[in-house]
Ligand code: FAD
């Protein structure tokens, strides 16, 4: 089987498991990581972007109070259980972020990955090298900038190296996406994207509007309600008129306009009033945008090999391979709304196997036809492009990947626990992390994992 020298960009959960699968397959991965340690998103950073609405060079989007939104036994890698042990810093079933970082660091140590990672080294460019005929891919020139202390001073050095293949694992929760709201530019209050939210202190005694009610919006609105005078959340599915929530007397839900861009608030008036779609209005001090993130690959921009259009990264065969360049460049970790770590593992195994020749990919033309059929199907269903990498809860993709790789499918208990946990969020938002009724499944999981 062929062995390749592979550049992996990023040492978060995706990059770490990619490195492990590549090495297991006989490849030689080098992992570039711009942070000072592994773990990616799960490295909580007190520092936030200087631009409250921008990325500002800060990768992390975790807030101090964050606990996982999945139970740990279903979240972990298939062959490295995420269970509480004597080293746990938070043994709860839905632990705080520190415990996830500890788990990923343990994963890196267990599979001896740390020696593969070049820390504080940012990839700044990836250029395709063409073969003699100018048609095929003959490797990649990867340019990177490494930071090191020399003589008490931080020095940056830019270098390039050639690799046979590139695996992109740079994460997609670092580049804020904002709601399009009429009048928001001139609005006098403070604005912040959830990317830069850490603790609620700055909202003490304020009236705060939170836009968006996905996991971050749900958590952050409650975090802020603990110190603010009032919190008003613009939510896609709220009925008309203001509605309070049961557990927080000062937290209100408002209806929103349904558009692709989460344009929840009709117009933010200059006196500080925020007007909601149903005409209700509040005079707010601050707005917190919990409106999600954008995919971005700055190091690929020069080449134009993939494009991002309304959060659709494409064209990509099964979210991983650009058909014309497969398997020489791949993307791991683009999907969302699934049990992500196991998905990263399956994608990584697929990439490793395709590079070695163990797994055969369809021709570029067939892959492109598949991509186009997928896009047409989405269009026929009326799904916006930004749902492209949303896997849903059917597990079709995961099962398909497992079959391609010749691996076991995801365990039944893992699927049922995941679906049940998601369902509990909508009915028991205040307590879904601490109360459950699937003890039988949990016992089955523990039995299996042990
Ligand atoms: P990341 O963890 O973002 O890692 C990407 C890495 O690439 C980073 O270390 C970054 O520094 C590095 N990098 C980026 N660009 C470069 C470059 N040019 N050169 C070198 N290095 C680079 N998932 C769950 O399963 N359960 C949860 O409960 C959960 N909660 C979440 C809560 C929040 C607030 C957020 C933002 C995400 C949450 N997720 C959760 C999703 C989480 O993103 C994934 O679990 C997973 O950690 C993503 O891993 P990744 O490796 O794809 O990306």
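Within the bounds of region 151-161, is there any residue that is under 20 Å from residue 330 (Cα atoms), in the same structural domain as residue 351 (by the TED database) and away from the ligand (no atom under 11 Å from the Cβ)?
From region 151-161, those under 20 Å from residue 330 (Cα atoms) are 160-161; that's our starting set.
Right, trim to in the same structural domain as residue 351 (by the TED database) and you get 160-161.
Narrowing the set further to residues that are away from the ligand (no atom under 11 Å from the Cβ) leaves 160-161.
Looking through region 151-161, at least one residue is under 20 Å from residue 330 (Cα atoms), in the same structural domain as residue 351 (by the TED database) and away from the ligand (no atom under 11 Å from the Cβ).
Considering the conditions (1) more than 12 Å from the ligand (Cβ to nearest atom); (2) within 14 Å of residue 413 (Cβ to Cβ); (3) modelled with pLDDT of 95 or more, residue 72 is excluded by exactly one of them, (1).
When every residue of region 15-28 is checked against the conditions, at least one turns out to be touching a residue at least 24 places away in the same chain (Cβ under 8 Å), surrounded by 21 or more Cβ atoms within 10 Å (Cβ to Cβ) and within 7 Å of the ligand (Cβ to nearest atom).
Out of curiosity, is residue 37 within 14 Å of the ligand (Cβ to nearest atom), closer than 25 Å to residue 158 by Cβ and without any contact (Cβ under 8 Å) to a residue 12 or more places away in the chain? No. Here residue 422 passes the criteria (1) within 20 Å of the chain's Cα centre (by Cα); (2) at pLDDT 95 or above except the one numbered (2).
Listed by position, the strands (runs of 3 or more DSSP E) inside region 112-184 whose residues that are surrounded by fewer than 20 Cβ atoms within 10 Å (Cβ to Cβ) number at least 1 are 121-130, 137-150, 153-163.
The values are calculated or read from the model by the stated rules, or taken from the named source; none is laboratory data. Since we're looking at a predicted model, the values are computed, not measured. Counting neighbours? That spans all protein chains shown, and the Cβs are built from the backbone with ideal geometry, glycine included.
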